[in-house]
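The values are calculated or read from the model by the stated rules, or taken from the named source; none is laboratory data. Fair warning: this is a prediction, and the values are worked out from it, not measured in the lab. FYI the Cβ positions are ideal-geometry reconstructions off the backbone, even for glycines, and counts take in every protein chain you see.
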Amino acid sequence: MRDPDRPMLFNIVFWVVLLATGVIPFAAEPWPGSGAPVFALNLVLVAALWLSLPWRRVGGWRRPLPTAFMLATFALGYTGSAEVHILLTLLAIANVAFVHSVRTAAVILGCLSAAAFATMAVLDGDALRAMVQVVPVFVFALFVLGMVSAVLEARRLLARVRELTVAEERARMGAEMHDSVGHHLTLIKMNLENAERFRTRRPEAVWDEVREAKEMTVAALADARRWVRALRPLALEGRVGSAALEGLAASFDGTGLSVSFEVVGGEPSLDPDVELVLYRVLQEGLTNAVRHAEARHVDGTLVFDGRRVVLVVADDGSGRDRDSHGGFGLRSLAERARAVGGTVVSGDRPGGGFELRAELPVRAKAAT
């Protein structure tokens with residue numbers, strides 16, 4: 001019932017149509033004694049198969065279920081349905097396309113249409129009437145396949161966009177990691193080279209160089225730990241939503257930064273894409289506060305307001321560099337927020353420091 005891969009609208013349509021398929025024949029006319037049990041078993045079979053249907057490519061025993069479901073819905077027309085079951089067959093065709101391919105579904109559709117036409121033409125003795133009944137269903141089925149094809153293409157493009165986003169984010173973070181950790185390692189190398197050069201001429205200066213190298217090592221280690229935190233996945237130890245954000249804020253303890261995090265309002269179930277944007281906004285605000293703003297304290301506030309969620313990350317640091325027009329990280333966040341129907345803005349606070357503010361819908365807008 002709660003299969004995340006199955007479109008919710010399909011679920012609603014299926015149960016409504018199945019109920020109508022079972023009720024209308026009884027309401028239309030009295031059942032002959034021999035037909036009702038077969039029809040009832042057919043309905044039970046269709047319902048059982050629906051609950052087991054996969055909606056993505058799978059292997060094993062579930063792979064043939066879409067074809068079995070299609071045949072079971074098709075059989076309703078012969079066991080007693082008053083043609084109401086046709087919508088169930090259209091759903092079955094869509095399911096075959098999702099699990100196998102649009103081409104496979106089209107082949108099966110062609111075979112079923114030919115079989116239905118031949119059966120009706122033989123039983124009724126009227127080929128024209130059979131064609132009039134089969135062709136509209138065939139056309140609607142082609143429309144369904146077209147819609148499924150569009151959904152599958154949208155899924156493919158969305159997966160590709162996410163892959164590119166991850167690659168872009170990793171490239172950005174790799175470059176920044178190289179600049180920060182690489183800078184410290186370069187200074188450590190220079191200190192050790194100086195210590196080696198001074199060991200005979202200026203022995204007293206050797207320990208100064210070693211001490212500075214030690215301090216740089218501590219700084220490089222702290223920087224590396226911050227990047228490890230920044231690269232953590234969204235679910236920290238199984239937590240999501242505000243719990244994941246609180247975990248991210250707590251993970252910056254020990255970096256010299258004091259972080260407070262507050263949640264205001266009742267928390268609804270967040271769209272995964274919205275949740276990811278919130279996580280990245282807090283991550284960017286905390287990382288920038290440590291690396292650039294020389295901040296000592298950061299306040300994070302997550303406010304749930306009906307259909308909106310607002311995240312504010314404010315620090316007491318030096319504010320934005322006057323020569324800076326917003327780095328890649330902030331521009332990337334703004335683009336992500338627009339993609340889900342929200343906004344991310346940033347700027348200096350009136351009392352000093354820097355503020356990052358995200359306003360997002362609880363449910364991400366549909367892609368257009």
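Based on what the data block shows, is residue 71 under 30 Å from the mean Cα position of the chain (by Cα), in a helix (DSSP H, G or I) and either not basic (Lys, Arg) or not assigned by TED's automatic domain parsing to the domain that holds residue 38 (or both)?
No, not satisfied.
Out of the residues in the range 302-334 meeting the condition of being acidic (Asp, Glu) and either at pLDDT 85 or above or surrounded by 13 or more Cβ atoms within 10 Å (Cβ to Cβ) (or both), tell me which one is nearest to residue 268 (Cα to Cα).
305
Take the range 46-64 and flag every residue that is crowded, with 18+ Cβ neighbours inside 10 Å and assigned to a helix (DSSP H, G or I).
Passing the criteria: 46, 49, 50.
Residues 250, 230, 244: which one is over 14 Å from residue 303 (Cα atoms), surrounded by 15 or more Cβ atoms within 10 Å (Cβ to Cβ) and modelled with pLDDT of 80 or more?
Step by step, each of 250, 230, 244 is checked, and only 244 is over 14 Å from residue 303 (Cα atoms), surrounded by 15 or more Cβ atoms within 10 Å (Cβ to Cβ) and modelled with pLDDT of 80 or more.
With the condition kept exactly as written, say whether any residue in the range 77-92 is more than 25 Å from residue 6 (Cβ to Cβ), surrounded by 15 or more Cβ atoms within 10 Å (Cβ to Cβ) and at pLDDT 80 or above.
Scanning the range 77-92, I find at least one residue that is more than 25 Å from residue 6 (Cβ to Cβ), surrounded by 15 or more Cβ atoms within 10 Å (Cβ to Cβ) and at pLDDT 80 or above, so the answer is yes.
Quick one: in the range 287-301, of everything that is part of a helix (DSSP H, G or I) and in contact with a Leu (Cβ under 7 Å, 6 or more places away or on another chain), which residue is modelled with the highest pLDDT?
The extreme case among them is 289.
Tell me, please, whether a residue that is surrounded by 12 or more Cβ atoms within 10 Å (Cβ to Cβ), at pLDDT below 80 and either of a type outside the set (D, E, K, R) or farther than 30 Å from residue 339 by Cα (or both) can be found in the range 136-145.
Within the range 136-145, one or more residues are surrounded by 12 or more Cβ atoms within 10 Å (Cβ to Cβ), at pLDDT below 80 and either of a type outside the set (D, E, K, R) or farther than 30 Å from residue 339 by Cα (or both).
Let me confirm something: among 167, 222, 195, 213, which residue is over 26 Å from the mean Cα position of the chain (by Cα), assigned to a helix (DSSP H, G or I) and modelled with pLDDT under 80?
Step by step, each of 167, 222, 195, 213 is checked, and only 222 is over 26 Å from the mean Cα position of the chain (by Cα), assigned to a helix (DSSP H, G or I) and modelled with pLDDT under 80.
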